[in-house]
Amino acid sequence: MKKLAKGLALLSLLVIILPAMAWGECVTLKQGVIKYSVGHYLAGQPIPVGYDIYGYNYQAHMFNGSYANVYLGGDGLPPYDGNDAAYLAANPKAASKWYWPYRNTNLVMKWNDAWLSNKDCDGDGKLDRYAGFPSYVGSGAWETNHMSGTDGGKHWTYFVKIVAVPADAVRNGGIWYTADGAMIGPAIWGAFAIIQEVASGEGATFVSPASPGFGHYQP
Ligand SMILES: [Ca+2]
């Protein structure tokens, strides 16, 4: 009877430890086995630890490059290099993409690990999103976009902060609110809200009344 109890205790301990170990066995970019997805221009190639040819640095949670290069790779196209005529001659279908008109806008994006991790801990071969949560809602994910360019010879900038909404947030029309009724900000991409916008020459055009700080939305 004592033996059985001991055996059961060991078994229950294993039941607790094994899933934790499986979750803890994360694959990193350094190992060279996390690859670009099917359909990507670089499909099958390992994602590098530093910047890739588009401007993504998945290890450092950032992107810096042409706005079009955020999407071109995923659409099976090479990175835009600034030469319209040569690029379109080689890749004519780029001209019909919605982001093609924004190719001369420079974009710096930053995000946290909940938004897009630099590891694969769930074993699907892809970098994890909202790791440890069933969806982005309540995950504390955030992203910033800093755009810049020239328009009619004038330099302009635009900055926006976006968060995944808390689990108890309430959506009313196009606006997300906290559980106690404070406005978080305009809804974007479903489960996300804009918490701050800054336009050059205009200053902050929106500051979330609930909070413009990422810490406020951490689980
Ligand atoms: Ca994964």
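The values are calculated or read from the model by the stated rules, or taken from the named source; none is laboratory data. As the structure is a prediction and not an experimental result, all values here were calculated from the model. As a convention, Cβ positions derive from the backbone with ideal geometry for all residues, glycine included, and neighbour counts pool all protein chains shown.
General observations
- Hits in region 55-104 - residues which are closer than 17 Å to Lys35 by Cα and of a type in the set (Phe, Trp, Tyr): Tyr56, Tyr58, Tyr71
- Meets criteria (away from the ligand (no atom under 16 Å from the Cβ), among the aliphatic types (A, V, I, L, M) and over 30 Å from Ala43 (Cβ atoms)) for Val163: yes
- Of all residues in region 133-157, those that are more than 11 Å from the chain's Cα centre (by Cα) and assigned to a loop (DSSP other than H, G, I, E, B) total 9.
- Ser139 being within 27 Å of Ile47 (Cα to Cα), within 8 Å of the ligand (Cβ to nearest atom), surrounded by 16 or more Cβ atoms within 10 Å (Cβ to Cβ) and not β-branched (Val, Ile, Thr): no
- Taken together, the criteria place Ala22 among residues that are within 15 Å of the ligand (Cβ to nearest atom), aliphatic (A, V, I, L, M) and at pLDDT below 95.
- Filtered residues of region 93-132 (kept if away from the ligand (no atom under 11 Å from the Cβ), among the hydrophobic types (A, V, I, L, M, F, W, C) and outside any strand (DSSP E or B)): Ala94, Ala95, Trp98, Trp100, Ala114, Trp115
- Hits in region 158-196 (condition: within 17 Å of the chain's Cα centre (by Cα) and of a type in the set (Gly, Ala, Ser)): Ala164, Ala187, Gly190, Ala191, Ala193
- Filter result (assigned to a helix (DSSP H, G or I) and of a type in the set (Gly, Ala, Ser)) within region 39-87: Ala68, Gly73, Gly74, Ala85, Ala86
- Within region 205-219, residues that are closer than 16 Å to Pro186 by Cβ reach partners that are of a type in the set (S, T, N, Q) and outside any loop (DSSP other than H, G, I, E, B) with beta carbons closer than 8 Å, at six or more positions or on different chains, in the pairs Phe206/Gln196; Val207/Gln196; Ser208/Gln196; Pro212/Gln196.
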